[in-house]
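Novice: What follows is a structure written as structure tokens; I'll ask about it next.
The values are calculated or read from the model by the stated rules, or taken from the named source; none is laboratory data. Here the structure is a predicted model, which is why all the values come from computation and not from measurement. Here the Cβ positions follow ideal geometry from the backbone for every residue, glycine too, while neighbour counts run over all protein chains shown. With ligands, DNA and RNA removed, areas are computed over all heavy atoms of the protein, side chains included. Shrake-Rupley method; radii C 1.70, N 1.55, O 1.52, S 1.80 Å.
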Amino acid sequence: MITTKGLAMKVGFIGLGGMGSGMAHNLLGAGYELVVHDINRQSGQPFEEAGAQWADTVADLGRQVDVVFTSLPGPVQMQEVGLGEAGLLSTLRPGSVWFDLTTNSPTVVREVHAACVERGVELFDAPVSGGPKGARTGKLAIYIGGNEAAFDQHKSVLDAIGDQILYVGEIGAGNTAKLVHNCASITIRLAIAEVFTMGVKAGVEPGALWHAIRQGAIGRSRTFDRISDRYLQGAFEPPSFALELANKDLRLALELADQLDVSMRCAQVAQADFTEALERGWGRRDSQSPLELVNERANVSIKLSAEEVQEILDRG
């Protein structure tokens, strides 16, 4: 059991979905005494079998722990878990630490932080990047916003769930960095789909085109590799990152830009395609599925087999 200043430290984890379950397992594996909660009772069973305790409610978890992690769908759920009736702040003790791993609104995080300050609770916004695989393997970037001195004191617990722990700035800075990252990813992939469609319609075979652009100046940074397992193979189910979740991140980024009076023309184009894909009922497909819309408009079909993709990757 891990201790701080000679005292046993209990860690709570709320939200045992695709991301949260992997991180919670890694906290257990690192030797932390863990208390878990999720709206789905069955999600807690594997953790109990592995030695964690189950808390029936958020408030029950809060009164037991020194450090709490939340991994939730978005701002609404984070506010409810923290500030709602029988929420975390109703039971967390002064001096407790809360790491919110949710991809969240910086504005919402700051509002919740103000309430935490009144209760003597240290809140960090700590969104992660790396997907469910990274959550399972501990290969995650974690963007931290909050008090730097307090972060230095508590960084060690984050080392159990991520390999890139990055202090970005004051509260809200972590989510600002995450939204910049995800917005860039979404808009860059749309641009790739657009030029790729043009090349295929011009008569170049998809595999040959992909190999060629991977060897160019931009391609050598492996910008184009992220389309290999989804877009190029037309494989969007089950998702690695669901469209409805990516759309939430893109919406939050555009809301932040609007608050700052920053023009986001490229991202708005991506949002239009996301909206069309959602209207088709693709929300639970992978977030790369809107790239198919570009192909449809040009009447182009692009689909490589997994073996063809691997053969091109093996060329270097």
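Novice: Out of the residues in the range 297-307 that are assigned to a loop (DSSP other than H, G, I, E, B) and not polar (S, T, N, Q), state the one that is most open to solvent (accessible area, probe 1.4 Å).
Specialist: Lys303
Novice: Suppose we keep only residues that are farther than 13 Å from Thr70 by Cα and hydrophobic (A, V, I, L, M, F, W, C) within the range 35-58. Which one would you say is most open to solvent (accessible area, probe 1.4 Å)?
Specialist: Top of the filtered list is Ala50.
Novice: Could you grab me the full set of residues in the range 102-161 that are surrounded by fewer than 22 Cβ atoms within 10 Å (Cβ to Cβ), among the hydroxyl-bearing types (Ser, Thr, Tyr) and either in contact with a strand residue (DSSP E or B) (Cβ under 6 Å, 6 or more places away or on another chain) or within 21 Å of Gly17 (Cα to Cα) (or both)?
Specialist: Ser129, Thr137
Novice: Please pick out the residue among Thr223, Thr187 that is at pLDDT 95 or above, out of contact with any Gly (no Cβ under 6 Å at 6 or more places or on another chain) and among the β-branched types (Val, Ile, Thr).
Specialist: The match here is Thr187.
Novice: Sticking with this one: Could you tell me which residue of the range 230-253 is nearest to Pro73 (Cα to Cα), considering only residues that are out of contact with any Ser or Thr (no Cβ under 8 Å at 6 or more places or on another chain) and open to solvent by 70 Å² or more (accessible area, probe 1.4 Å)?
Specialist: Glu244
Novice: On to the next question. Quick one: Gln310 ticks every box in (1) within 24 Å of Met19 (Cβ to Cβ); (2) in a helix (DSSP H, G or I) except a single one, so which number is it?
Specialist: It fails just one condition, (1).
Novice: Among (1) open to solvent by 10 Å² or more (accessible area, probe 1.4 Å); (2) assigned to a helix (DSSP H, G or I); (3) within 23 Å of Asp249 (Cα to Cα), where does Asn175 come up short?
Specialist: (1)
Novice: Which residues, taken from the range 64-94, are buried (at least 21 other Cβ atoms within 10 Å of the Cβ) and assigned to a loop (DSSP other than H, G, I, E, B)?
Specialist: Selection gives Val65, Ser71, Leu72, Leu92.
Novice: What residue, of Gly203, Gly207, is more than 17 Å from Ile186 (Cα to Cα), open to solvent by less than 30 Å² (accessible area, probe 1.4 Å) and not β-branched (Val, Ile, Thr)?
Specialist: Just one listed residue meets the conditions, Gly207.
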